[in-house]
1. Of everything in the range 219-230 that's touching a residue at least 12 places away in the same chain (Cβ under 8 Å) and outside any strand (DSSP E or B), which residue is nearest to the chain's Cα centre (by Cα)?
2. Consider Gly194 against the criteria (1) surrounded by 15 or more Cβ atoms within 10 Å (Cβ to Cβ); (2) modelled with pLDDT of 95 or more; (3) of a type in the set (Gly, Ala, Ser): it satisfies all of them except one. Which criterion is unmet?
3. Looking only at the range 108-130, count every residue that is under 18 Å from the mean Cα position of the chain (by Cα), among the aliphatic types (A, V, I, L, M) and not in a strand (DSSP E or B) and tell me the total.
4. Which one of the conditions (1) surrounded by 14 or more Cβ atoms within 10 Å (Cβ to Cβ); (2) over 20 Å from the mean Cα position of the chain (by Cα) does Ala173 fail to meet, given that it meets all the rest?
5. If you scan the range 131-141, which residues turn out to be part of a strand (DSSP E or B), touching a residue at least 40 places away in the same chain (Cβ under 8 Å) and surrounded by fewer than 18 Cβ atoms within 10 Å (Cβ to Cβ)?
6. When both residues are 6+ apart or on different chains and their Cβ atoms are under 9 Å apart, which pairs have a first residue that lies in the range 30-50 and is within 30 Å of Ser62 (Cβ to Cβ), and a second that is of a type outside the set (Gly, Ala, Ser) and outside any strand (DSSP E or B)?
7. Note down all Cβ pairs under 6 Å where the first residue falls in the range 64-75 and is under 17 Å from Gln238 (Cα atoms), the second is surrounded by 15 or more Cβ atoms within 10 Å (Cβ to Cβ) and among the basic types (Lys, Arg), and they're at least six residues apart or on different chains.
8. Among (1) in contact (Cβ under 8 Å) with a residue 12 or more places away in the chain; (2) out of contact with any His (no Cβ under 6 Å at 6 or more places or on another chain); (3) assigned to a strand (DSSP E or B), which single condition is Asp105 missing?
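The values are calculated or read from the model by the stated rules, or taken from the named source; none is laboratory data. Everything numeric here is computed off the predicted structure, so don't read it as measured data. Note that we place each Cβ from the backbone using ideal geometry, even for glycine, and neighbour counts take in every protein chain shown.
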Amino acid sequence: MNAKILFFPLVLLNADCFAADNAPALGWNNSAELGAISTSGNTVGNSVTGKLDAHQELRNWSNEYILAGYFKDEEIKQASGARVRQRSAQRYSLSGKAAFKLLEDHNRLFALATHVDDRFGAYTRYSTLGVGYGTQAYATTASTMDVEIGPGYFRGARSTGVTETGMTIRGAANIKWKVSDSAQMSQNMIVERGTSNVHSQAETALRAKINGTMQMKAAYSIRNDTSVPADKRNTDTQTSLTLVYSF
C-alpha cells in the first residue's frame, strides 16, 4: 500500500520534468506516408493508402491539418467469363484543428472540422464541427497520453440516401511510448456519440526509424458504427505497411 502511495507523486514529478524539458519546437513539422500493394496472377488488383500530416506550432497556437486517402481496385471474373476491373474501396478524409494554448503546460482549447468521403461506407459522406478541451493526462521520459473532450455537430449522408444531422459528444486519446531509440508505439482512439449512432475509430501503430527523415510504419486501424444499413457491416479494419517521410 505504501509503495502505491509513493508511486503517484513520483509519476507526477516525472511528468512535470518531462513537460518542461520537451516543449515542442516552434514552426512546421510535416510528414507524408505512402503504401501500395499490387497483385497479379490468379488474383489481380492494386491498393494504395496515403496520408499528409502538417503540424504548425506557434507561441500561442498549435494547428494540425491532415489529408488521408485509400482506394482499392480488383479484377473480377463475370459469369460470361470476361474479366473486368472494378473499384472495391475508396475513402478520402480531411481534417483541420486549431488549439489555443492555456497558461498551464499542455492544456488547450480547440476547434475541429472534419470531412470524410467513403464511397462504400455506411456513411458515404460525413462531416463534423466541434470544440473542446485537451490536456496531457500523464507524461514520463518514455510515454505520454493526451486526451480531448467536447461537444460537436455532425451531418452524414447514408448509403441509403438518408441524410442525418445532430449534436455529438467527442472524446479522443493519443498514447505514445518509446520502445527504443529507433522505435515508437502509438495508440490513437476517437469516439463520437451522436443522436442515432456511435462512431469510433482507433489505430495501433509501430514506427521504426530508417534514417533521419524516413520511417517504416506498421499499423492496424478499426472503424465502427453502431447503426448501419442492412447491407453494411458495423466494423471496417485495415492493416497497412507504409513509408513515412518527415520534413
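1. Per the stated criteria, the residue is Thr226.
2. Going through (1) surrounded by 15 or more Cβ atoms within 10 Å (Cβ to Cβ); (2) modelled with pLDDT of 95 or more; (3) of a type in the set (Gly, Ala, Ser) one by one, Gly194 breaks only (2).
3. Within the range 108-130, residues that are under 18 Å from the mean Cα position of the chain (by Cα), among the aliphatic types (A, V, I, L, M) and not in a strand (DSSP E or B) number 0.
4. (2)
5. Answer for the range 131-141, where residues must be part of a strand (DSSP E or B), touching a residue at least 40 places away in the same chain (Cβ under 8 Å) and surrounded by fewer than 18 Cβ atoms within 10 Å (Cβ to Cβ): just Tyr138.
6. Short answer, once both residue conditions are applied: Asn30/Phe247; Ser31/Phe247; Ala32/Phe247.
7. Ala68/Lys51; Tyr70/Arg91
8. Against the list (1) in contact (Cβ under 8 Å) with a residue 12 or more places away in the chain; (2) out of contact with any His (no Cβ under 6 Å at 6 or more places or on another chain); (3) assigned to a strand (DSSP E or B), Asp105 comes up short only on (3).
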